[in-house]
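Asker: Can you read through this structure? Questions will come right after.
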Amino acid sequence: MPVVQLCVRCVLACHLIFLIGCGAAARLSVIEGTGSNPVLPPPNGSLIPLVNVVDAKGWGPSETPHAASGTAVVAFARDLDHPRWLHVLPNGDVLVAETNAPPRPDDGPGGIKGWFFKKFVQKYQPKAATAAVAAAQQ
């Protein structure tokens, strides 16, 4: 019977840890948090930080963002993979550096780091935040 009690206590402890890590609901309305002088809530530390990664979505062939009146938005360049740095030369030419993460080394079949990464990190990491191919300089 002590093994069953230990298992129950472990399950309850895990549930308690997960509840502590849960984030709180918003305390400000949208109107309070926007404008030229928004009300900012105090920083909130948590045991397990939450990171929301945005899915990157490019413009369609004839799409552009809505611009303020009197201005226009045009595509400066298209078909770039992971542009990171822009440099304008004195003659007006623009250089764009594209980057990508280097390939991950294989940790081998028995490595705990590789097992953990494949089991947990890659499973929950959004594909929009990573790239699977090397970026060519264009």
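Asker: As an exercise: evaluate N100 against (1) modelled with pLDDT of 70 or more; (2) in contact with a Leu (Cβ under 8 Å, 6 or more places away or on another chain); (3) assigned to a loop (DSSP other than H, G, I, E, B) and give the number of the one condition it does not meet.
Answerer: (2)
Asker: Quick one: which residue in P105, P65 is part of a loop (DSSP other than H, G, I, E, B) and modelled with pLDDT of 80 or more?
Answerer: P65
Asker: Find the residue count for the stretch 57-89, including only residues that are touching a helix residue (DSSP H, G or I) at 6+ places or on another chain (Cβ under 9 Å) and either among the aromatic types (F, W, Y) or under 30 Å from F18 (Cβ atoms) (or both).
Answerer: So the count comes out to 0.
One line per residue, one yes/no per condition, for (1) hydroxyl-bearing (S, T, Y); (2) modelled with pLDDT under 85; (3) part of a helix (DSSP H, G or I):
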{"site": "R9", "(1), (2), (3)": "no, no, yes"}
{"site": "L16", "(1), (2), (3)": "no, yes, yes"}
{"site": "G23", "(1), (2), (3)": "no, yes, no"}
{"site": "I31", "(1), (2), (3)": "no, no, no"}
{"site": "P38", "(1), (2), (3)": "no, no, no"}
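Asker: Can you work out which of the residues in the stretch 28-55 that are loosely packed, with under 10 Cβ neighbours inside 10 Å and within 27 Å of A97 (Cα to Cα) is farthest from the chain's Cα centre (by Cα)?
Answerer: Per the stated criteria, the residue is D55.
The values are calculated or read from the model by the stated rules, or taken from the named source; none is laboratory data. Computed from a prediction, not measured in an experiment: that's the story for all the values here. Positions of Cβ are backbone-derived with ideal geometry, glycine not excepted, and every protein chain shown enters the neighbour counts.
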